[in-house]
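Take a look at the structure below.
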Amino acid sequence: MSFKSLGLSDTLLKAISKKGYTTPSPIQEKAIPPVLEGKDVLASAQTGTGKTAGFTLPLLHILSETPKEKYRPIRALILTPTRELAAQVYANVKEYSEFLNLRSAVIFGGVNQKPQAATIRQGIDVLVATPGRLLDLQNQGLLSLKRVEIFVLDEADRMLDMGFLRDIERVIKSMPEKRQNLMFSATFSKDIKKLAHGILNHPVQVEATPENTTVDAISQKVYRVAKGLKTELIIKLISEGNWKQVLVFTRTKHGANKLCEKMSKSGITAAAIHGNKSQGARTKALAGFKNGSVRVLVATDIAARGLDIPLLPHVINFELPNISEDYVHRIGRTGRAGASGEALSLVSADETTFLRDIEKLIEMKLPVEIVEGFEPDPNASTEPVKQGQGRQNRNTRNSNSSRGSNTSSSDKKTNSRRPKRNTDRRH
Ligand code: AMP
């Protein structure tokens, strides 16, 4: 299967070949034809599958085939849950539209709105946005969605996790009823299905699991260790393994900061990426990680979601996630684009229940290793770590909104898709 046979224009094919892609990924093969036919699409795909090109390429094709007006109204809206994802999607839109006469822009919170508003005022065809800033600018009369023809909801499950349901509903109300809708989600809970039902019109359903990121294709290992020895152990593993690019997950923002500090003191360059970091700090950390000047990126689940970091050799769970599905998302960061990957988890006694739940979900027992001198504490309680004690509850934050403390009550209502345990999600 070639990109040409999918029906994309020669101008887009030129941009695709400039990007170095030779064959479409499974999700691209499945999603591009129905999108080009103007159908609504519901796609099950997570980051790493090539989903961004899966919706961006046909979207650009459709827009470039139809005549443009002198004043350009926003004709395509791509809504993403996080700033990072918005920036990445926008970078892709720019690259793929390099040879087309189309204009695009990205807007997200945490940065000055003036340049964003100025770009929109000049007229753009494609807007990539996070919900908070989009509604802000809309409320100020700085943009209109009345002429949107194609609406893309990216990472819909995370949108709901982050409490954006009401915002999405508001955005939808401000667009024309007659439009093409594309919805992407890694998971399909009841809430997601309900949302899809409300947005999509007789959608074509497509599905793709990342080729190299299936759970059993990744080498996974658990280190049983005493809680108090985790930091020393992770430093030992990274130093002795001479690992150059390591993504580490912690459960909390505070934990991410603390670990970063300790690593830096041990001579390992590390940076944290989480919701309390400014946009500038996050971009800098990610850029440093990509160019190799930062060896370890310590991230929380939501902050890491959607980051485009190809060829990641090592992922370490400094703490296991309390939501089993997050484990699958986390380790899916290894072995992308054909590279081999290794996912390690440091597990203390109080995480035993989390480990059991994860093993149940992935339907396999993870191999366990104990490093001499870093043995687990035989007397430690296996009572699960308490959630939300003295820490920020997920419902009280909205890292993506530019409205800070003025966050509307609707943002605070979190639509949890995983009611399994009574847990919060901190990032
Ligand atoms: P995504 O799932 O959209 O975040 O894409 C994951 C990574 O795969 C990105 O680095 C893309 O640039 C890359 N990618 C997307 N489509 C292709 C393709 N057809 N061939 C090779 N790489 C691709």
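For the range 218-369, the square roots a ≥ b ≥ c of the C-alpha gyration tensor eigenvalues yield an a/c under 1.5, which makes the shape rounded.
Counting only lysines at least 8 places from Lys236 when in the same chain, those with an alpha carbon closer than 22 Å to its own are Lys221, Lys227, Lys244, Lys258, Lys262, Lys265.
In the chain, the longest principal axis of the Cα atoms and the axis of helix 10-19 are about 20 degrees apart.
Taking a straight Cα-Cα cut-off under 18 Å and skipping sequence neighbours fewer than 8 places away in the same chain, the aspartates and glutamates within cross-link reach of Lys190 are Asp154, Glu155, Asp157, Asp161, Glu169, Glu207, Glu325, Asp326. Between the range 235-291 and the range 98-177, what's the alpha-carbon centroid distance in Å? Comparing the Cα centres of the range 235-291 and the range 98-177, I get a distance of 31 Å. Counting protein heavy atoms only, the range 4-207 has 50 percent of its accessible area on carbon and sulfur, 1.4 angstrom probe. Each peptide among 91-99, 63-71, 324-332 gets the average number of other Cβ atoms lying within 10 Å of its residues, and from highest to lowest they stand as 324-332, 91-99, 63-71. Close amide H partners of Ala272, meaning residues 5 or more places away or on another chain with modelled amide H under 5 Å apart, are Val298.
Which pairs break 24 Å Cα to Cα here: Lys51/Lys94; Lys277/Lys360; Lys68/Lys178?
Working: Lys51/Lys94 16 Å; Lys277/Lys360 34 Å; Lys68/Lys178 19 Å.
Violating the 24 Å limit, Cα to Cα: Lys277/Lys360.
Against the longest principal axis of the chain, how steep is helix 253-265, in degrees 0 to 90 to the nearest 10, with axes from Cα atoms? For 253-265 against the chain, the angle is about 60 degrees.
With the cut-off at 1.5 for a/c, could you classify the range 63-145 from its C-alpha gyration tensor as rounded, prolate or oblate? Spell out each step's value before the answer.
Details: a/c = 1.99, a/b = 1.28, b/c = 1.56.
Here the range 63-145 falls in the oblate category.
Rounded to whole numbers, the Karplus 3J(HN,Hα) couplings from phi for the range 118-134 are 5, 4, 5, 4, 6, x, 9, 8, 10, 10, 9, 8, 9, x, x, 5, 4 Hz, using 6.51 cos²θ - 1.76 cosθ + 1.60 with θ = phi - 60°, and x at Gly and Pro.
Quick check on packing: order 28-37, 286-295 by the mean number of other C-beta atoms within 10 Å, highest mean leading.
Details: 28-37: 21.3, 286-295: 15.8.
Per-residue mean Cβ counts within 10 Å order the peptides as 28-37, 286-295.
Relative contact order for the chain: what percent, with Cα pairs under 8 Å and sequence separation of 6 or more? Dividing the mean separation by the residue count of the chain yields 19 percent.
Using a probe of 1.4 angstrom, how much of the accessible area of the range 218-369 is carbon and sulfur, in percent?
Values: 2960 of 5560 Å².
Percent of accessible area from carbon and sulfur atoms in the range 218-369: 53.
Surface exposure of the chain, expressed per residue as accessible area with a 1.4 Å probe, stands at 43 Å². Non-local lysine pairs in the range 1-48, meaning eight or more places apart or on different chains, with alpha-carbon distances under 21 Å, amount to 8.
The values are calculated or read from the model by the stated rules, or taken from the named source; none is laboratory data. Just so it is clear, the structure is predicted and the values come from calculations on it, not from any experiment. FYI the Cβ positions are ideal-geometry reconstructions off the backbone, even for glycines, and counts take in every protein chain you see. For accessibility, only protein heavy atoms count, side chains too; no ligands or nucleic acids. Shrake-Rupley method; radii C 1.70, N 1.55, O 1.52, S 1.80 Å.
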